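*Asks:* Dropping the structure in here first, questions after.
The values are calculated or read from the model by the stated rules, or taken from the named source; none is laboratory data. It should be emphasised that the depicted structure is a prediction, and the values quoted were computed from it without experimental measurement. With ideal geometry, Cβ positions are generated from the backbone for all residues, glycine too; neighbour counts draw on all protein chains shown.
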Amino acid sequence: MMEFKQQLKRRIYLGGIYCVVVALLVILSRIFDAENMAFAFSLGFAIGIEFVAFYFIAKYRAALRDEKKLKLLYIEENDEREKHISYQIGRTGIVIILISLSAAMLITVHINQIVFFTLLAATLYTAVIIGILKIFYNKTI
């Protein structure tokens, strides 16, 4: 359980660093008047993730203060059924993503070459990652 407590403290620390960096980016964007659309979108996305980080920081701090909550969180994160469900979602999800990218790529080849090549790159990247992971896990497991 001490190892799990250390893991939660590390998560809180890294989440805090992320929140500070995003806050600094917001401040710097206001000082230097950085107002292009791509930067504003990225910053808004980062702020959205920051709210999620705040939620988890609060959840982990509450668990560290209360032994009962800590035990429940440990069980939640290490539950075999949940791990199996996550595994199934990941396995099925990646196949659906690969099929969707392939279908979109075949449709856009007739519409726009830039979009086609972008989807082709994403499809190839996904397929290569799946292949590398399959080879890796076949050798290690």
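*Asks:* Could you check the stretch 73-113 and list, in sequence order, the residues that are among the β-branched types (Val, Ile, Thr), within 19 Å of the chain's Cα centre (by Cα) and surrounded by 14 or more Cβ atoms within 10 Å (Cβ to Cβ)?
*Replies:* Going through the stretch 73-113, the residues among the β-branched types (Val, Ile, Thr) turn out to be 75, 85, 89, 92, 94-97, 99, 107-109, 111.
Add one more test, that the residue is within 19 Å of the chain's Cα centre (by Cα), and what stays is 85, 89, 92, 94-97.
Answer for the stretch 73-113, where residues must be among the β-branched types (Val, Ile, Thr), within 19 Å of the chain's Cα centre (by Cα) and surrounded by 14 or more Cβ atoms within 10 Å (Cβ to Cβ): Ile94, Ile97.
*Asks:* Oh, and also: Can we say Ile57 is in the same structural domain as Cys19 (by TED's automatic domain parsing), under 30 Å from Arg11 (Cα atoms) and modelled with pLDDT of 90 or more?
*Replies:* When the stated conditions are applied, Ile57 passes them.
*Asks:* Between a first residue in the stretch 32-51 that is assigned by TED's automatic domain parsing to the domain that holds Arg11 and without any contact (Cβ under 8 Å) to a residue 40 or more places away in the chain and a second residue that is surrounded by 12 or more Cβ atoms within 10 Å (Cβ to Cβ) and in a loop (DSSP other than H, G, I, E, B), which pairs have beta carbons less than 9 Å apart while being 6 or more apart in sequence or on different chains?
*Replies:* Final answer for the pair search is Ala40/Ala34; Leu43/Ala34.
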